[in-house]
Amino acid sequence: QVQLVESGGGLVQAGGSLRLSCAASGRAFRPYVMGWFRQAPGKEREFVAAIALSEHTNYADSVKGRFTITRDNINNRVWLQMNSLKPEDTAVYYCASSYGSSPYADAKDYDSWGQGTQVTVSS
């Protein structure tokens, strides 16, 4: 089992930036796909970005060109750099890991989840 802990959330004005971090521990981090999802109040959890071991990435259309996902397999971390933030990006952001090989966009393909970190973007 992989344990995931997110950090880096907070309150930022529209147009600003935040960098989320996810620290993984437990079983070997290296083989896994890592993803970020988010859930806004009253809405379903939605895919944000994912990165495979090959560093092949996948992004939701709503964040393409604004968000960047990266990973460090030596230090077992994954980051989500969020630029040009909008009020609609306000949500709890979750880190997730998968035993698979592709940067999946479906939450069902992920088997470990962090507790989440709140991101609030004010207008």
Can you tell me which residues in the range 76-103 are buried (at least 17 other Cβ atoms within 10 Å of the Cβ) and more than 12 Å from the chain's Cα centre (by Cα)? N76, L85, D89, T90, S98
Those residues of the range 1-21 which are within 19 Å of S123 (Cα to Cα) and of a type in the set (A, V, I, L, M, F, W, C) amount to L11, V12, A14, L18
Here the residues within the range 38-47 that are assigned to a strand (DSSP E or B) and closer than 17 Å to V121 by Cα are R38, Q39
Identify the residue in the range 63-75 that is without any contact (Cβ under 8 Å) to a residue 24 or more places away in the chain and over 13 Å from the mean Cα position of the chain (by Cα) and, among all such residues, is farthest from G16 (Cα to Cα). I74
Selection status of E55, surrounded by fewer than 22 Cβ atoms within 10 Å (Cβ to Cβ), touching a strand residue (DSSP E or B) at 6+ places or on another chain (Cβ under 8 Å), under 14 Å from A91 (Cβ atoms) and touching a residue at least 12 places away in the same chain (Cβ under 8 Å): no
Just to be sure before I move on: is A50 open to solvent by less than 20 Å² (accessible area, probe 1.4 Å) and either farther than 19 Å from T120 by Cβ or part of a loop (DSSP other than H, G, I, E, B) (or both) in the structure I sent? yes
Residues in the range 106-121: is at least one open to solvent by 30 Å² or more (accessible area, probe 1.4 Å), farther than 27 Å from G16 by Cα, assigned to a loop (DSSP other than H, G, I, E, B) and in contact with a Lys or Arg (Cβ under 7 Å, 6 or more places away or on another chain)? no
Scan of the range 5-33 for residues that are in a strand (DSSP E or B) and modelled with pLDDT of 95 or more, ordered by number: V5, E6, S7, G10, L11, V12, Q13, L18, R19, L20, S21, C22
Conditions first: (1) open to solvent by less than 10 Å² (accessible area, probe 1.4 Å); (2) in a strand (DSSP E or B). V63 passes all but one, so which condition is the exception? (2)
Counting only residues that are in a strand (DSSP E or B), at pLDDT below 95 and polar (S, T, N, Q), which one in the range 66-104 is nearest to M34 (Cα to Cα)? S97
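The values are calculated or read from the model by the stated rules, or taken from the named source; none is laboratory data. A quick note: this is a predicted structure, and the numbers were derived from the prediction, not measured. When we count neighbours, we look across all protein chains shown, and the Cβ atoms used for this are built from the backbone with ideal geometry, even at glycine. For accessibility, only protein heavy atoms count, side chains too; no ligands or nucleic acids. Shrake-Rupley method; radii C 1.70, N 1.55, O 1.52, S 1.80 Å.
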